[in-house]
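Read through the structure below, which is laid out as structure tokens, and then see the notes.
The values are calculated or read from the model by the stated rules, or taken from the named source; none is laboratory data. If you're wondering where the values come from, they're calculated on a predicted model, not measured in any experiment. FYI the Cβ positions are ideal-geometry reconstructions off the backbone, even for glycines, and counts take in every protein chain you see.
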Amino acid sequence: MKAMILCAGRGERMRPLTDATPKPLLPVGGTPLVAWTIRRLARAGIVDLVVNHAHLGERIEAALGDGRRFGVAIRYSPEREALETAGGIANALALLGGAPFLVVNGDVWCDCDYVAFTARPLADATLAHLALVANPPQHPAGDFALAGGRVANDGGERLTFSGIGIYRPELFAGIAPGTKAKLAPLLRAAADAGRVTGERLACEWHDVGTPERLAALDAALAARSSP
């Protein structure tokens with residue numbers, strides 16, 4: 001399975017840190033956020049990667065290169081300006097191919113078991129399979145409901161979308177390359193049609209959305225590595 005890592009966001013809430021450094025390259029535990037994800041994907045045998053970028057994209061390419069040092073192959077999908085999540089994915093479909101693919105936000109830290117998450121093929125009618133997590137303090141209402149493996153907009157246990165999902169290219173068929181488009185409306189429409197499945201991840205997950213949360217995660221990882 002191919003995977004796309006989303007790295008095009010500006011990271012406004014992380015300023016001034018992101019004025020000179022793309023958000024996915026901010027370090028935690030001595031390693032850039034996106035490198036943690038790449039290494040976990042590589043260990044899971046997911047080695048054909050696409051990375052999109054916009055803000056300071058040349059720095060992302062300089063830092064990651066062709067991926068060889070991580071044991072993966074990276075191709076890039078540059079955006080003149082950030083196209084939002086769905087727009088960025090649609091813009092990269094030519095690199096991702098016609099089979100279902102994995103997408104991971106480049107600014108989250110998660111010890112997801114990608115082998116287990118990608119093991120079960122999507123049912124023919126399913127357009128997306130989402131990884132959901134317990135609602136963090138900054139997002140108590142969650143994003144979706146989960147009941148019986150089916151994702152819905154209402155009913156069931158409310159959980160937060162982790163930024164990790166498997167998608168069929170057909171989900172993005174209505175978006176022309178180079179067009180800005182958000183992912184949430186596509187997922188909500190597909191969920192209403194009964195075409196989104198999901199699972200709750202039993203793992204550690206951090207949305208590194210502010211300098212304070214970045215510093216807290218960095219301190220936690222540093223403490224684990226201390227003798």
Item to check | Scan of region 163-200 for residues that are among the aliphatic types (A, V, I, L, M) and out of contact with any helix residue (DSSP H, G or I) (no Cβ under 9 Å at 6 or more places or on another chain), ordered by number | outcome: Ala189, Ala191, Ala193
Checklist entry - Going by the conditions given, is Gly87 under 15 Å from Ile175 (Cα atoms) and out of contact with any Pro (no Cβ under 8 Å at 6 or more places or on another chain)? => result yes
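Among the residues of region 124-134, is any assigned to a strand (DSSP E or B) and farther than 25 Å from Asp192 by Cβ? Full working, then the answer.
Initial filter on region 124-134 (assigned to a strand (DSSP E or B)): 128-133.
Narrowing the set further to residues that are farther than 25 Å from Asp192 by Cβ leaves none.
Looking for residues that are assigned to a strand (DSSP E or B) and farther than 25 Å from Asp192 by Cβ, one finds none in region 124-134, hence no.
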Next on the checklist: I want to confirm something. Restricting to region 4-33 and keeping residues that are under 26 Å from Leu96 (Cα atoms) and of a type in the set (D, E, K, R), which single residue is farthest from the chain's Cα centre (by Cα)?
Outcome noted: Arg10
Next on the checklist: I want to confirm something. Restricting to region 55-81 and keeping residues that are among the small types (Gly, Ala, Ser) and either at pLDDT 95 or above or exposed (fewer than 14 other Cβ atoms within 10 Å of the Cβ) (or both), which single residue is farthest from Pro121 (Cα to Cα)?
Outcome noted: Ala62
Checklist entry - Residue check: is Val208 farther than 22 Å from Ala94 by Cα, hydrophobic (A, V, I, L, M, F, W, C) and in contact with a Ser or Thr (Cβ under 9 Å, 6 or more places away or on another chain)? => result no
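Would you kindly identify the strands (runs of 3 or more DSSP E) lying entirely within region 1-118 that contain at least 1 residues that are closer than 27 Å to Thr210 by Cβ and among the aromatic types (Phe, Trp, Tyr)? Can you show your working first?
On the way: elements: 3-7, 48-53, 73-78, 101-105, 108-110.
Ranges flagged: 108-110.
Would you confirm, using the coordinates I've provided, whether Ala141 is under 18 Å from Arg200 (Cβ atoms), outside any loop (DSSP other than H, G, I, E, B), without any contact (Cβ under 8 Å) to a residue 24 or more places away in the chain and out of contact with any helix residue (DSSP H, G or I) (no Cβ under 7 Å at 6 or more places or on another chain)?
So Ala141 does not fit the description; no.
From the list Gly142, Gly106, Gly156, which residue is of a type in the set (Gly, Ala, Ser), under 18 Å from Leu49 (Cβ atoms) and touching a Leu at 6+ places or on another chain (Cβ under 8 Å)? Outline the logic, then answer.
Working: Gly142 fails: under 18 Å from Leu49 (Cβ atoms); Gly156 fails: under 18 Å from Leu49 (Cβ atoms).
After applying the criteria, what remains is Gly106.
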